[in-house]
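Read the figures in this text as sums done on the coordinates, not as results from a lab. Fair warning: this is a prediction, and the values are worked out from it, not measured in the lab. In this analysis, Cβ positions are derived from the backbone assuming ideal geometry, glycine residues included, and neighbour counts consider all displayed protein chains.
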């Protein structure tokens with residue numbers, strides 16, 4: 001298939017390419033998520049409020 005030895009230079013080169021690719025992917029993910037993060041946080045807050053209202057309503061009705 002291929003030589004697995006490659007030497008230390010090839011190992012360091014592959015590792016550095018892997019780190020570079022990971023940094024680029026993380027940078028792009030942060031750049032694309034940055035505009036919608038407030039909307040996501042707002043949706044979580046609204047869902048929490050709705051859950052709280054439903055829980056309190058069900059708790060009050062179960063007392064009767």
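Things worth noting here:
- In the chain, the calculated helix contribution to ellipticity at 222 nm averages -29500 deg cm²/dmol per residue, counting -39,500 (n - 2.57) for every DSSP H run with n ≥ 4.
- Taking the longest Cα principal axis of the chain as reference, the axis of helix 7-33 is set at about 30 degrees.
- Nearest 10 degrees, 0 to 90: helix 37-62 Cα axis against the chain principal axis: 40 degrees
- Where the Cα pairs of the chain fall when distances are cut into 5 Å bins, in %: 3, 14, 9, 10, 9, 8, 8, 7, 6, 7, 6, 5, 4, 3, 2, 0
- Inter-label distance, nm, simple model (7 Å from Cα along the C-beta direction), residue 14/residue 56: 5.9 nm
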